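Visitor: Have a look at this one before I ask anything.
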Amino acid sequence: MSLDPSSALDLLKSYDRPDGLAVTELMDSRQHGGLTYNDFLLLPGKVDFPASDVLTESRITRNVVLKTPFMSSPMDTVTETDMAIALALLGGIGVIHHNQPAENQAAMVRAVKRHENGFISDPVVLSPSHRVEDVLDIKARLGFCGIPITDNGAVGGKLVGIVTSRDVQFRDPSTPLSQVMISDLVTASQGITLLEANDILRDSKKGKLPIVDKNGNLVSLLARSDLLKNQSYPLASKNPETKQLYAAAAIGTRPLDRTRLDLLVEAGLDIVVIDSSQGNSVFQLDMIQHIKQKYPKLEVIAGNVVTREQAASLIAAGADGLRVGMGSGSICITQEVMAVGRPQATAVYAVAEFASKFGVPVIADGGISNVGHIVKALALGAGAVMMGGLLAGTEEAPGEYFYHEGKRVKAYRGMGSLEAMEQGKPGGTTSSKVNVTPQSGSSKYPAPKKAATLDNAATSRYFSESSAVKVAQGVSGDVQDKGSVKAFIPYLYTGLQHSFQDIGVKSVSELREGVHSKRVRFELRTASSQVEGGVHGLNSYTKRLFK
Ligand code: IMP
C-alpha cells in the first residue's frame with residue numbers, strides 16, 4: 001500500500017540524514033583519496049528564482065571583491081594588456097605575466113590603469129614628415145586611415161593635424177603629410193566624459209576626436225565607428241577610490257624582483273601575485289615581508305600551495321590571498337616529473353577550509369576546463385578561479401592565430417616549459433614578444449649561461465630557470481580559437497548563474513554557507529558515471545557551447 005502523497009515532506013524529515021554527502025564526507029581523502037573536479041557532482045536543490053537573480057560577487061583578497069570570479073593566469077601566452085583590460089571590464093581580473101622586462105610589464109599595468117572605455121589610449125600616430133604612402137600602408141594593413149599627426153609621431157607629442165582617407169586620395173605617395181593634413185582641428189580636453197565626447201563628435205560630424213592635455217599634447221582618440229560598438233560594463237572591476245580598473249601583475253622572488261615591483265607600483269599596481277609553483281619557501285616569505293613593509297596597501301596573493309601547512313606559513317607572513325594548485329594545469333607535468341602535487345578539488349578544499357578561518361580568500365588555479373569546474377571550485381571554498389588554457393585561445397590573449405591540422409589555434413605553453421624558461425632570463429632583459437609556434441626550438445632562445453647560485457635558484461617560479469640543466473615542468477602546444485573574451489566570459493557568467501539556480505543558491509556566499517551547513521549536498525562519481533555524464537552513444541555530434 002502506498003503512502004498518502006501529502007505526507008512526502010513529513011516522511012523526508014524522518015530520515016536521519018539528507019540525501020548525498022556533506023562536503024566533509026566527500027572530502028575525506030582517507031576514504032576515497034584525493035579528488036579532482038570530475039570526481040564529484042553537486043546535487044540539485046529547489047528552483048524558486050530566475051537565474052538572472054544570481055550574484056557572482058566574490059572576494060579574491062582581504063580587500064578586493066570582484067563581481068565575477070574569473071582571473072587569468074600570469075602566463076606569456078595568456079595575460080598582457082588586452083586580456084587584463086577586457087577581463088577587468090567584464091568583472092574579473094587578469095594577472096600580467098613577468099616573463100618580460102620589468103619596464104614592459106609596468107607599461108602594461110599603466111595601460112590598464114589608464115584605460116577608459118571608448119577612448120583609444122594607444123592610437124596609431126604619424127608625424128608631419130611621414131608620407132602619404134605610410135597612410136596608405138596603414139590603411140591596407142589595419143583597415144583605417146583617420147590618423148592624428150603629432151610633432152614627434154607618437155602619443156604624448158604636440159597635436160598638429162589629422163589625416164583622413166580623403167586627404168590622401170589621388171595624392172602622390174611621396175607627398176609629406178605636412179602638405180595634406182588638416183590643421184584646423186576639433187579636439188576635446190583630457191578628462192572629458194564619454195557622453196560629452198560623443199556629443200562633440202555628433203555635432204562636428206567628424207570621424208575622429210583627438211583628446212589633448214592642457215598643453216595640446218595628444219592623450220587619446222575617440223572614433224565615431226567605435227561609438228556604435230561601445231558597450232557599457234556594469235560589472236567592471238574598479239578601485240572604489242580612484243574609479244580606475246584594477247591592475248594585477250606577477251613577480252618572482254629574487255632580489256631583482258624588488259626593483260620590478262617598484263616599477264609596477266609606480267605604474268599603479270593594485271594586486272601583486274607572487275608567482276611560484278611551490279610557495280612555501282624562505283624566498284617567498286622574505287618577499288611577502290618586504291612588500292608588507294614597503295607597500296602596506298598593496299594586496300599580496302601568495303602561492304602556490306596545496307596543503308594547510310604551506311598555507312599557514314604564507315598566511316603568517318602576511319598574505320592577503322592564496323593561489324591554490326600544483327600540477328593541475330592543462331600544460332603541467334609537475335606531478336609526473338616531481339612526484340609532488342595534489343588533486344585539485346582536494347587541494348582547494350583543504351586550503352580554503354583553513355584559510356577561511358583567517359579571512360584569507362583562495363584562488364583555485366589550474367585545471368578549469370568548463371563552467372562546471374568553476375562552480376565546483378567555488379563550492380569548495382574558492383573565491384575565484386584562475387584560468388590559463390581556457391582563455392589562451394581568445395582574441396585578447398597574446399600571439400597570433402595560426403592553423404594546425406586545419407584548425408585555427410593560438411600557441412599556449414607552460415611557464416615551466418623549456419621554451420618559456422629560456423625566454424625569461426633572470427634580470428629580465430629579453431623581449432616580451434611571445435614568439436611561440438609549435439616548431440619553436442630551444443635554440444631560438446639561447447639559455448642564460450650563468451650557473452645556478454642560491455640567488456639564481458630563488459629567481460623563478462620553478463627554481464630551475466637558471467640551472468645548467470633545466471628540468472621542464474610544462475609543455476608547449478596550442479589551443480583552439482575561442483573568439484573574444486567579451487563573448488566567452490559572459491557565457492561563463494551566465495552558465496554560473498544557471499548552475500547556481502539548479503543548486504538553489506542565489507550567490508557565492510549562499511553557496512558557501514549551504515556547503516558549510518551541509519545543506520548543499522554532493523555525490524561521488526564512479527568512472528562509469530563519468531562516462532554517463534558525458535555525451536555518449538552518438539554516431540557523431542557537434543558541441544557548440546553558447547550563442
Ligand atoms: P590551466 O588553466 O589548466 O591551463 O592552468 C593554468 C595554470 O597552470 C597557471 O595559472 C599556473 O598555475 C600553472 N602553470 C603555468 N605554467 C605551468 C607549467 O609549466 N607547469 C605547471 N603548471 C603551470
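Visitor: Being near the ligand (Cβ under 9 Å from one of its atoms), surrounded by 24 or more Cβ atoms within 10 Å (Cβ to Cβ), touching a residue at least 24 places away in the same chain (Cβ under 8 Å) and part of a loop (DSSP other than H, G, I, E, B) is the requirement here; does Gly381 meet it?
Guide: no
Visitor: Residues of segment 125-139 being crowded, with 17+ Cβ neighbours inside 10 Å, over 20 Å from Val219 (Cβ atoms) and not hydrophobic (A, V, I, L, M, F, W, C), which ones?
Guide: Within segment 125-139, His130, Arg131, Asp134 meet the criteria.
Visitor: Which residues, counting only those in segment 252-294, are among the hydroxyl-bearing types (Ser, Thr, Tyr) and crowded, with 24+ Cβ neighbours inside 10 Å?
Guide: Within segment 252-294, Thr253, Ser276, Ser277 qualify.
Visitor: Out of Lys470, Lys407, Lys425, which single residue is closer than 24 Å to Gly366 by Cβ, modelled with pLDDT of 50 or more and either surrounded by 14 or more Cβ atoms within 10 Å (Cβ to Cβ) or within 16 Å of the ligand (Cβ to nearest atom) (or both)? Walk me through it before giving the result.
Guide: Working: Lys407 fails: either surrounded by 14 or more Cβ atoms within 10 Å (Cβ to Cβ) or within 16 Å of the ligand (Cβ to nearest atom) (or both); Lys425 fails: closer than 24 Å to Gly366 by Cβ.
None of the others qualify; the one that does is Lys470.
Visitor: Checking Ile149 against (1) of a type outside the set (Phe, Trp, Tyr); (2) within 11 Å of Met181 (Cα to Cα); (3) surrounded by fewer than 20 Cβ atoms within 10 Å (Cβ to Cβ); (4) at pLDDT 95 or above, only one condition comes out false. Which one?
Guide: Unmet for Ile149, out of (1) of a type outside the set (Phe, Trp, Tyr); (2) within 11 Å of Met181 (Cα to Cα); (3) surrounded by fewer than 20 Cβ atoms within 10 Å (Cβ to Cβ); (4) at pLDDT 95 or above: (3).
Visitor: Also, I was wondering about something else. I'm told Leu524 meets every condition in (1) touching a His at 6+ places or on another chain (Cβ under 9 Å); (2) buried (at least 17 other Cβ atoms within 10 Å of the Cβ) except one. Can you identify the failing condition by its number?
Guide: Checking Leu524 against (1) touching a His at 6+ places or on another chain (Cβ under 9 Å); (2) buried (at least 17 other Cβ atoms within 10 Å of the Cβ), the one that fails is (2).
Visitor: Looking for whichever is touching a residue at least 12 places away in the same chain (Cβ under 8 Å), of a type in the set (Val, Ile, Thr) and part of a loop (DSSP other than H, G, I, E, B) here; the options are Val155, Val135. Which one fits? Walk me through how you get there before you give the answer.
Guide: Numbers: Val135 fails: part of a loop (DSSP other than H, G, I, E, B).
Selected residue: Val155, the only one of Val155, Val135 that is touching a residue at least 12 places away in the same chain (Cβ under 8 Å), of a type in the set (Val, Ile, Thr) and part of a loop (DSSP other than H, G, I, E, B).
Visitor: Could I ask something else about it? Could you grab the pairs with beta carbons closer than 8 Å, sequence gap of 6+ or different chains, first residue in segment 474-486 and over 18 Å from Glu422 (Cα atoms) and touching a residue at least 24 places away in the same chain (Cβ under 8 Å), second one surrounded by 14 or more Cβ atoms within 10 Å (Cβ to Cβ) and basic (Lys, Arg)?
Guide: Sorted first by the residue in segment 474-486, then by its partner, the pairs are Asp478/Lys410; Val479/Lys410; Asp481/Lys410.
Visitor: Between Leu87, Leu159, Leu66, which is more than 22 Å from Ser232 (Cα to Cα), buried (at least 17 other Cβ atoms within 10 Å of the Cβ) and either touching a His at 6+ places or on another chain (Cβ under 8 Å) or modelled with pLDDT of 95 or more (or both)?
Guide: On inspection, the qualifying residue turns out to be Leu159.
Visitor: Considering Val273, Val306, which residue is touching a Pro at 6+ places or on another chain (Cβ under 7 Å) and touching a residue at least 12 places away in the same chain (Cβ under 8 Å)?
Guide: Of the residues listed, the single one that is touching a Pro at 6+ places or on another chain (Cβ under 7 Å) and touching a residue at least 12 places away in the same chain (Cβ under 8 Å) is Val273.
Visitor: If you go through segment 152-196, how many residues are within 37 Å of the chain's Cα centre (by Cα) and either within 18 Å of Ser127 (Cβ to Cβ) or of a type in the set (Val, Ile, Thr) (or both)?
Guide: First, the residues of segment 152-196 that are within 37 Å of the chain's Cα centre (by Cα): 152-159, 162-164, 187-196.
Narrowing the set further to residues that are either within 18 Å of Ser127 (Cβ to Cβ) or of a type in the set (Val, Ile, Thr) (or both) leaves 152-159, 162-164, 187, 192-193.
Of the residues in segment 152-196, 14 are within 37 Å of the chain's Cα centre (by Cα) and either within 18 Å of Ser127 (Cβ to Cβ) or of a type in the set (Val, Ile, Thr) (or both).
Visitor: Give the residue, chosen from Glu532, Glu510, that is of a type in the set (D, E, K, R), part of a helix (DSSP H, G or I) and buried (at least 16 other Cβ atoms within 10 Å of the Cβ).
Guide: Within the list Glu532, Glu510, the selection yields Glu510.
Visitor: Quick check on my filter: what residues within segment 61-120 are within 15 Å of Gln244 (Cβ to Cβ) and basic (Lys, Arg)?
Guide: Once the filter is applied, which keeps residues that are within 15 Å of Gln244 (Cβ to Cβ) and basic (Lys, Arg), segment 61-120 yields Arg110, Lys113, Arg114.
Visitor: In addition: So, in segment 323-366, exactly how many residues are within 12 Å of the ligand (Cβ to nearest atom) and in contact (Cβ under 8 Å) with a residue 40 or more places away in the chain?
Guide: 20
Visitor: Also, quick follow-up: Residue by residue through segment 201-228, note down the ones that are part of a helix (DSSP H, G or I) and either buried (at least 16 other Cβ atoms within 10 Å of the Cβ) or under 31 Å from the mean Cα position of the chain (by Cα) (or both).
Guide: Correct list: Leu201, Arg224, Ser225, Asp226, Leu227, Leu228.
Visitor: Scan (1) in contact with a helix residue (DSSP H, G or I) (Cβ under 9 Å, 6 or more places away or on another chain); (2) without any contact (Cβ under 8 Å) to a residue 24 or more places away in the chain; (3) within 27 Å of Gly34 (Cβ to Cβ) for the single condition Ser467 breaks and write down its number.
Guide: Every condition holds for Ser467 apart from (3).
Visitor: Now for a different question. Taking the condition away from the ligand (no atom under 15 Å from the Cβ), in contact with a helix residue (DSSP H, G or I) (Cβ under 9 Å, 6 or more places away or on another chain) and outside any strand (DSSP E or B), does Ser369 pass? So that I can check it myself, show each step before the final result.
Guide: On the way: away from the ligand (no atom under 15 Å from the Cβ): no; in contact with a helix residue (DSSP H, G or I) (Cβ under 9 Å, 6 or more places away or on another chain): yes; outside any strand (DSSP E or B): yes.
The answer is no for Ser369.
Visitor: Return the total of residues in segment 277-303 being within 16 Å of the ligand (Cβ to nearest atom), farther than 17 Å from Val385 by Cα and touching a residue at least 60 places away in the same chain (Cβ under 8 Å).
Guide: Selection size over segment 277-303: 2.
Visitor: Could I ask something else about it? For segment 479-491, does any single residue satisfy the condition of being aliphatic (A, V, I, L, M), more than 16 Å from the ligand (Cβ to nearest atom), part of a helix (DSSP H, G or I) and surrounded by 15 or more Cβ atoms within 10 Å (Cβ to Cβ)?
Guide: Within segment 479-491, none of the residues are aliphatic (A, V, I, L, M), more than 16 Å from the ligand (Cβ to nearest atom), part of a helix (DSSP H, G or I) and surrounded by 15 or more Cβ atoms within 10 Å (Cβ to Cβ).
The values are calculated or read from the model by the stated rules, or taken from the named source; none is laboratory data. Quantities reported herein were computed from a predicted structural model and do not represent experimental measurements. For neighbour counting, all protein chains shown are included, and Cβ atoms are generated from backbone atoms with ideal geometry for every residue, glycine included.
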